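Shown next, in structure tokens, is the structure this report addresses.
The values are calculated or read from the model by the stated rules, or taken from the named source; none is laboratory data. A quick note: this is a predicted structure, and the numbers were derived from the prediction, not measured. Heads up, the Cβs are rebuilt from the backbone with ideal geometry, glycines too, and the neighbour counts pull from every protein chain shown. Note: areas computed on protein heavy atoms with side chains; ligands, DNA, RNA excluded. Shrake-Rupley method; radii C 1.70, N 1.55, O 1.52, S 1.80 Å.
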Amino acid sequence: MSDLVARIGRGVAAFDAAEWDACAGIDNPFTTHAFLLALEESGSATARTGWQPVPLAIDGEDGRAAAVMPAYVKSHSQGEYVFDHAWADAWERAGGDYYPKLQIAVPFTPVPGRRLLTARDDLALGLIGAAEAVVGQNGLSSAHATFIAAEEVPLFDAAGWLIRADTQFHWHNDGYESFDDFLAALSSRKRKTVRKERAAAIEGLTVEHVTGAAITEAHWDAFWEFYQDTGSRKWGRPYLTRRFFSLLGERMAERILLIFALRNGQPIAGALNMIGADTLYGRYWGTIDEVPHLHFEICYYQAIEAAIARGLARVEAGAQGSHKLARGYRPVPTFSAHYLPDPGFRRAVADFLEREREAVGHEIEALDAMTPFRKG
């Protein structure tokens, strides 16, 4: 692989959309050129916000990119959902500078998927080597590839990167033709609980699904209000700008599903979902009127109904949230990979990750036994 030459782009904007998407594919909306470019052009993921885009590419014989990787030089650890704050503290107490670091990720998006965007393993390994070179040549502390696809774990492992595991909750479509079919798979007690929860959540409300050309700026204005409320409570300030949502609507409307709860025709809560080839991705939610169980209805149950109607294989509802378990979402492992060139630091983190992976495995086993589905 020594004959492979990688280049760094000044943002995804430096790449032709067709060239990028030929490597990335379009099944996962978050690694498409349109999504990543919207993050840059909206001012959401830029050097000013601590996400300096430095996408890596390896060109083929025709001079066009044959492999690409979304990457960012980070000056903090916000918006990643794989938490390394303790690592940063330890490194800096030892006299080092943890930041800047290299982050291989989709900003603000804890969605598993490929980060080595190529169909060839040799080029994928070349991208890994290019990331290591960026770290070494620029004096960065480390590189982190977060929410990598399960099939990429062996590639990072073979390159000597440390593998980290965590848990998310995904809903799986076992051939259901309706929400009632899904309910029939639950235990009787859980089935009754879900029905009561749904009825209470939407009492006096109506629910609206909006997608494609039907999405207007008025919808984004309403959703922005919800997103700001949730963002300010969770992160202190929202990660995404208002313009990001307009750009998303302009360029990816057919991949967007907005679900609103309305009272007297006015939206009081909403959720943003992205539509993949076989998956509905729940991303953001917010409300201006606290209604018991409405979060579960708009984010989880309505998403299940939408996935069934569209024939999608699963719903991924974002990071964390063991409360999803009772709503039919099952625990699944997620993975990240970490390159730490300092030998002593690497040994300490490797020991921690070995114990953490074991704990995560036990946790998934325990949680899987607690799913609401009928036994036997």
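For segment 136-166, give me each residue that is β-branched (V, I, T) and within 18 Å of Y72 (Cα to Cα). Give the derivation first.
First, the residues of segment 136-166 that are β-branched (V, I, T): 146, 148, 153, 163.
Result: T146, I148.
For S322, work out the one condition from (1) within 12 Å of Q168 (Cα to Cα); (2) surrounded by 16 or more Cβ atoms within 10 Å (Cβ to Cβ); (3) hydroxyl-bearing (S, T, Y) it doesn't fulfil.
Answer for S322: the failing condition is (2).
Residues checked against (1) under 30 Å from R357 (Cα atoms); (2) open to solvent by 60 Å² or more (accessible area, probe 1.4 Å); (3) of a type in the set (S, T, N, Q):
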site: G129; (1), (2), (3): yes, no, no
site: N138; (1), (2), (3): no, yes, yes
site: A145; (1), (2), (3): yes, no, no
site: Q168; (1), (2), (3): yes, no, yes
site: W171; (1), (2), (3): yes, no, no
site: K190; (1), (2), (3): no, no, no
site: K196; (1), (2), (3): no, yes, no
site: E225; (1), (2), (3): no, yes, no
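Residues to consider are E305, E297; find the one that is among the charged types (D, E, K, R), in contact (Cβ under 8 Å) with a residue 60 or more places away in the chain and crowded, with 22+ Cβ neighbours inside 10 Å.
On the way: E305 fails: crowded, with 22+ Cβ neighbours inside 10 Å.
Unique residue meeting the criteria: E297.
Taking the stated definitions as given, is G126 free of Cβ contacts under 8 Å to residues at least 24 places away in the same chain and out of contact with any helix residue (DSSP H, G or I) (no Cβ under 7 Å at 6 or more places or on another chain)?
Numbers: free of Cβ contacts under 8 Å to residues at least 24 places away in the same chain: no; out of contact with any helix residue (DSSP H, G or I) (no Cβ under 7 Å at 6 or more places or on another chain): yes.
Criteria not met by G126.
Can you tell me which residue among A66, A86 is hydrophobic (A, V, I, L, M, F, W, C) and surrounded by fewer than 19 Cβ atoms within 10 Å (Cβ to Cβ)? Break it down stepwise before answering.
Working: A66 fails: surrounded by fewer than 19 Cβ atoms within 10 Å (Cβ to Cβ).
A86 is the lone residue from the list that is hydrophobic (A, V, I, L, M, F, W, C) and surrounded by fewer than 19 Cβ atoms within 10 Å (Cβ to Cβ).
Could you count how many residues in segment 198-216 are touching a helix residue (DSSP H, G or I) at 6+ places or on another chain (Cβ under 8 Å), in a helix (DSSP H, G or I) and either open to solvent by less than 30 Å² (accessible area, probe 1.4 Å) or within 18 Å of P292 (Cα to Cα) (or both)?
3
Limited to segment 116-138, what total is found for residues that are touching a Leu at 6+ places or on another chain (Cβ under 9 Å) and outside any helix (DSSP H, G or I)?
So the count comes out to 4.
Yes/no per residue for (1) at pLDDT 95 or above; (2) under 24 Å from D166 (Cβ atoms); (3) out of contact with any helix residue (DSSP H, G or I) (no Cβ under 8 Å at 6 or more places or on another chain); (4) among the aromatic types (F, W, Y):
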{"site": "D3", "(1), (2), (3), (4)": "no, no, yes, no"}
{"site": "G11", "(1), (2), (3), (4)": "yes, no, no, no"}
{"site": "F35", "(1), (2), (3), (4)": "yes, yes, no, yes"}
{"site": "A38", "(1), (2), (3), (4)": "yes, no, no, no"}
{"site": "G50", "(1), (2), (3), (4)": "yes, yes, yes, no"}
{"site": "V54", "(1), (2), (3), (4)": "yes, no, no, no"}
{"site": "G63", "(1), (2), (3), (4)": "no, no, yes, no"}
{"site": "P70", "(1), (2), (3), (4)": "yes, yes, no, no"}
{"site": "D89", "(1), (2), (3), (4)": "yes, yes, yes, no"}
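Could you list, in sequence order, all residues of segment 36-60 that are open to solvent by 10 Å² or more (accessible area, probe 1.4 Å) and part of a helix (DSSP H, G or I)?
Step one: list which residues in segment 36-60 are open to solvent by 10 Å² or more (accessible area, probe 1.4 Å), which gives 37, 40-43, 46-49, 52-54, 59-60.
Answer for segment 36-60, where residues must be open to solvent by 10 Å² or more (accessible area, probe 1.4 Å) and part of a helix (DSSP H, G or I): L37, E40, E41, A47, R48, T49.
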